[in-house]
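Working notes for the structure below.
The values are calculated or read from the model by the stated rules, or taken from the named source; none is laboratory data. The shown structure was predicted, so the numbers you read here are calculated from the model rather than taken from an experiment. Positions of Cβ are backbone-derived with ideal geometry, glycine not excepted, and every protein chain shown enters the neighbour counts.
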Amino acid sequence: MSKTWICCLLILLFSGQSLAQTRYVTDLLRLNLHEQPQSQGKIIKTVISGDPLVVLENQPGYAKVRSADGLIGWTKSAYLVDDKPPRLIVTQLEKKVVKLNKQKNKAVEEKIQAQKDAAKYKTLLETNKQNEASVNSQIETLREQNKTYESAMRTYGSSIPLDVFLVSILVILVLGFALGWYIIDYRIRKRHGGFRLY
């Protein structure tokens, strides 16, 4: 008697449901989809616990459903539930945990690589700072030398040092004397047929 009441209650409960509602095959179950209600006709597909089915039509004890791959058939509505079965939730959570672990491992690898890159760039930065200090030191040395040269140029101005001046005069005199001697010698020889007469 109590089974009859339960069946009637379930029939009333499921017959009042709205159409095109997604429901799930309950835990630990294999359920056949038939061509016709009352488990009649050819079996179209077998679904398992956690498979989502869209309810298209309700009849006492049976529901016309569409599977995720688009197949339409009839099955017992008593095995359809509104909430995802715990087994499906656990499976989905396990997949999510695996995915999160992969993301975590990838993030750890990226962090390690970033730390290596940071260490490399820190070394490069230190080297560049040392090079910059060396270059700045050389620039300061060159500036000091330039100041010394500028000071020397202001001191001498356009004047020529005495020793350079005397050597230049001596060279000019020697060259002048040699050139004069050559010209006189050339003219004498030209006049006398190539013979020197002194």
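Is one or more of the residues making up the stretch 151-174 out of contact with any Phe, Trp or Tyr (no Cβ under 9 Å at 6 or more places or on another chain), assigned to a helix (DSSP H, G or I) and closer than 30 Å to Asp51 by Cβ? Within the stretch 151-174, none of the residues are out of contact with any Phe, Trp or Tyr (no Cβ under 9 Å at 6 or more places or on another chain), assigned to a helix (DSSP H, G or I) and closer than 30 Å to Asp51 by Cβ.
Being over 30 Å from Gln40 (Cβ atoms), without any contact (Cβ under 8 Å) to a residue 12 or more places away in the chain and loosely packed, with under 10 Cβ neighbours inside 10 Å is a property that Ala152 has.
Whether any residue in the stretch 88-96 is hydroxyl-bearing (Ser, Thr, Tyr) and within 24 Å of Gln38 (Cβ to Cβ) is what I want to check. The answer is no; no qualifying residue exists. There is no residue in the stretch 134-148 that is within 30 Å of Thr46 (Cβ to Cβ) and not assigned by TED's automatic domain parsing to the domain that holds Arg30. Taking the criterion of being surrounded by fewer than 17 Cβ atoms within 10 Å (Cβ to Cβ) and either at pLDDT 85 or above or assigned to a strand (DSSP E or B) (or both), the residues of the stretch 32-41 that qualify are Asn32, Glu35, Gln36, Gln40, Gly41. Cβ separations smaller than 6 Å between residues 6+ apart or across chains give the following pairs from the stretch 77-94 residues that are modelled with pLDDT of 80 or more to residues that are part of a helix (DSSP H, G or I): Ser77/Phe14; Ala78/Leu10.
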